[in-house]
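The block underneath contains the structure these notes are about, expressed in structure tokens.
The values are calculated or read from the model by the stated rules, or taken from the named source; none is laboratory data. All values derive from a computational prediction rather than experimental measurement. All Cβ positions, even for glycine, are placed from backbone atoms using ideal geometry, and neighbour counts span all protein chains on display.
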């Protein structure tokens, strides 16, 4: 089975596992997914996660805490300027200062808050609240 967008697949798998109150789930591994999971862990949406090798690129086992209301990838990956963050916050997050948008910037992948602090634009990847 080949999947084009493994980020979308991983986030929807996490969300579905959360909805049925599973304690853990596994997703395919990639650098981008790992970075997004680290951000979610730092924000206390996830427990921990560990990476395992399966001779096909690796898998990540994630401990779920049941704190995710909604998460997903943003398609198309909109380019975003510093002054546009508010527009996309309104579109993807349900309230101000509730949840976060993950942005790929020239200084790496970070939350939209951190990107605003540093004065960076970038491309929208995902959201979570």
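Looking across the range 10-27 at every residue that is more than 14 Å from the chain's Cα centre (by Cα) and farther than 13 Å from residue 71 by Cα, the one that is surrounded by the most Cβ atoms within 10 Å (Cβ to Cβ) is identified as 25.
Residue 95 meets the conditions (1) surrounded by fewer than 18 Cβ atoms within 10 Å (Cβ to Cβ); (2) modelled with pLDDT of 95 or more; (3) not assigned by TED's automatic domain parsing to the domain that holds residue 14 in every case but one. The failed one is (2). Residue count for the range 47-79 satisfying the condition of being in contact with a strand residue (DSSP E or B) (Cβ under 6 Å, 6 or more places away or on another chain) and closer than 24 Å to residue 116 by Cα: 6.
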